[in-house]
Every structure is written in C-alpha cells, then in structure tokens.
1. For the subset of region 2-46 comprising residues that are farther than 17 Å from residue 77 by Cβ, acidic (Asp, Glu) and modelled with pLDDT of 55 or more, which member is nearest to the chain's Cα centre (by Cα)?
2. In region 57-86, what residues are surrounded by 13 or more Cβ atoms within 10 Å (Cβ to Cβ) and either assigned to a loop (DSSP other than H, G, I, E, B) or in contact with a His (Cβ under 9 Å, 6 or more places away or on another chain) (or both)?
3. Taking the criterion of being under 30 Å from residue 92 (Cβ atoms), part of a helix (DSSP H, G or I) and of a type in the set (Val, Ile, Thr), would at least one residue in region 38-51 satisfy it?
4. Kindly evaluate residue 71 against the criterion of being at pLDDT below 95 and not basic (Lys, Arg).
5. Between residues in region 86-101 that are more than 17 Å from residue 45 (Cα to Cα) and residues that are of a type in the set (Lys, Arg) and not in a loop (DSSP other than H, G, I, E, B), which pairs lie under 7 Å by C-beta distance while being six or more apart or on different chains?
6. Do we have residue 104 as of a type in the set (Lys, Arg), surrounded by 16 or more Cβ atoms within 10 Å (Cβ to Cβ), at pLDDT 95 or above and more than 24 Å from residue 20 (Cα to Cα) here?
Amino acid sequence: MNDTNDNELPSDGAAGDPDAALDPVARGILDMLAETKPGGTVTPEAIARAIGTARARASDGPHAWRRYMAGVKQQALHLARLGRIQIVRKGKVVDLEDFKGVVRYRLPVAETD
C-alpha cells in the first residue's frame, strides 16, 4: 500500500487555477466566449483570426490565421467534451461524436425545447 490519499487530485502546480494547464488555444476560446453576452456565440474563424493576430509576426501574410483553425477546432471539441463550452449548429447543441458543417461555440446554457 502507498501513503497517498486516493481521493486527492494530482496537483498541476497551478494552485487552484483550472485554466492554468489548458492549451493556449483553449484559453483563447474561453477568453473570447467570456466576452460575449449570455448565450452569445463565436465562430471558429473569429477565434482563429484573433489568435493569429495576437501571434502575428511581421513576415506573416494576411491569411496566416488559417494555421490556427485546426487547433481551434481540436481544442473546442476537447472543451465541449469537458462541458466547458457547447458546439452549436443552427442554434442546437450538436452530438460531439457525429457532426459536420458550419458550427459556432458558446458557453453552456440550459436547453429550452
């Protein structure tokens, strides 16, 4: 037997900040969504453009933001699986295992049907 308490979560060294261990792109998604009105949505493109602008170098062309699109989509799916955001299509939350097409991201809101 070991002397550790099995109920303790491993420390990430962030002293209680759950976002400290997140990928910078995931933090960017959450930051942009935090600036929206309740129930407001943001497109993956808008997030990629914001990240691209923040990380732009003088030698980058006008479409350098596109390199962040795959990362934005990957991190958004990760955050959605954690319940931190919702991925919506035509105003409805998508099935995370089976969706395609134009989507938007939002902070979780209660569904009203």
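The values are calculated or read from the model by the stated rules, or taken from the named source; none is laboratory data. As the structure is a prediction and not an experimental result, all values here were calculated from the model. Here the Cβ positions follow ideal geometry from the backbone for every residue, glycine too, while neighbour counts run over all protein chains shown.
1. 31
2. 60, 84, 85
3. yes
4. When the stated conditions are applied, residue 71 does not pass them.
5. Pairs found: 96/81; 99/89.
6. yes
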